[in-house]
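Where a number appears in this text, it was derived from the coordinates with a stated rule and is not lab data. Bear in mind the structure is a predicted one, so any value in this text is a computation, not a measurement. As a convention, Cβ positions derive from the backbone with ideal geometry for all residues, glycine included, and neighbour counts pool all protein chains shown.
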Amino acid sequence: MKVAKFGGSSVADANQFRKVKNIIESDPQRQVVVVSAAGKSEAEPVKVTDMLIKLEKALKAGTDFQRLFDHVSDRILKIRNDLKLDVNIEADLAVIKANLNNCSHDYLVSRGEFLTGKLMAAYLNFKFVDPKDVMIFKGDEFDYQASSQRLARIYAENDHLLVPGFYGADVSGNIHLMPRGGSDISGSILASLLDADLYENWTDVSGILMADPRIVDHSKKIDVLTYDELQELSYMGVPGRSRSTCS
Ligand code: ASP
């Protein structure tokens, strides 16, 4: 069994969702999928997570948070509509809206992963697992034992799971956010808890390029790279970080 994690730009819009589905369906061992919140795309220059952080600031300042909330909702609804998914995501958006004036930072900022995960679960036809039920924290420490037990129970019933990254909860269900980029950590923890054969961390560039494609036009793909060479590049740093499809 493989755990496959997809970052924000890999789930930024309906077209990216389609690519994820192709990847998942091309290998039946990819049974557990972890997603970040919808990230940047050509049409949307701001990640949903950053929109939610802005929304929280606007709420505190008493400024125009409605516009920001509508923008997040529109992004999510557009993905749902473009993919013609039968998901009542309006109901989830309504709950979030109702909680806006009385929710924690961790709850609000984690909603990007929650909503994106809901859509991806419906699209892949995988069981949606809310990380608040399986990624358990005791204070700031991750509780491996409690998490492992809860996850095992769910996995025994259904072995095709979609788990959003970036958050979990304490035993009382209060959302606990991980550091920025935390979906990578969620994916690796889930792979370890489920004793996966492989943890795949996917992003949206087809291979490792010789230069950052955002800076250099037509940068060439490196055909062969050993793990040692890749490790050295990541330790030493490379001008304009290259990205791989799966590392
Ligand atoms: N969405 C969160 C972030 O932008 C977590 C993640 O992408 O892993 O940092």
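Within the stretch 78-96, how many residues turn out to be in contact (Cβ under 8 Å) with a residue 24 or more places away in the chain and surrounded by fewer than 15 Cβ atoms within 10 Å (Cβ to Cβ)?
Selection size over the stretch 78-96: 2.
Going by what's in this entry, would residue 56 be described as of a type in the set (Asp, Glu) and either within 20 Å of residue 186 (Cβ to Cβ) or surrounded by 13 or more Cβ atoms within 10 Å (Cβ to Cβ) (or both)? Show your work before the answer.
On the way: of a type in the set (Asp, Glu): yes; either within 20 Å of residue 186 (Cβ to Cβ) or surrounded by 13 or more Cβ atoms within 10 Å (Cβ to Cβ) (or both): yes.
Criteria met by residue 56.
Looking only at the stretch 1-53, which residues are touching a strand residue (DSSP E or B) at 6+ places or on another chain (Cβ under 8 Å) and basic (Lys, Arg)?
Selection gives 2, 5, 30.
Do you know which residues across the stretch 85-103 are under 14 Å from residue 65 (Cα atoms) and either under 19 Å from the mean Cα position of the chain (by Cα) or small (Gly, Ala, Ser) (or both)?
Of everything in the stretch 85-103, those that are under 14 Å from residue 65 (Cα atoms) and either under 19 Å from the mean Cα position of the chain (by Cα) or small (Gly, Ala, Ser) (or both) turn out to be 96, 98.
Considering each residue of the stretch 98-129, count those that are within 16 Å of the ligand (Cβ to nearest atom) and either buried (at least 16 other Cβ atoms within 10 Å of the Cβ) or within 14 Å of residue 183 (Cα to Cα) (or both), and give that number.
Looking only at that region, the number is 15.
Here is a list: 225, 190, 162. Which entry is over 13 Å from residue 36 (Cβ atoms) and not in a loop (DSSP other than H, G, I, E, B)?
Working: 225 fails: not in a loop (DSSP other than H, G, I, E, B); 162 fails: over 13 Å from residue 36 (Cβ atoms).
The unique qualifying residue is 190.
If you check 168, 139, which single one turns out to be of a type in the set (Gly, Ala, Ser), within 16 Å of the ligand (Cβ to nearest atom), more than 19 Å from residue 16 (Cα to Cα) and free of Cβ contacts under 8 Å to residues at least 40 places away in the same chain? Outline the logic, then answer.
Details: 139 fails: within 16 Å of the ligand (Cβ to nearest atom).
168 is the lone residue from the list that is of a type in the set (Gly, Ala, Ser), within 16 Å of the ligand (Cβ to nearest atom), more than 19 Å from residue 16 (Cα to Cα) and free of Cβ contacts under 8 Å to residues at least 40 places away in the same chain.
I'd like to verify a number: residues in the stretch 32-74 that are touching a residue at least 40 places away in the same chain (Cβ under 8 Å) and under 22 Å from residue 204 (Cβ atoms), how many?
Of the residues in the stretch 32-74, 13 are touching a residue at least 40 places away in the same chain (Cβ under 8 Å) and under 22 Å from residue 204 (Cβ atoms).
Looking only at residues that are in contact (Cβ under 8 Å) with a residue 40 or more places away in the chain and farther than 16 Å from residue 118 by Cα in the stretch 20-30, which one is farthest from the ligand (Cβ to nearest atom)?
Ranking the qualifying residues of the stretch 20-30, first place goes to 29.
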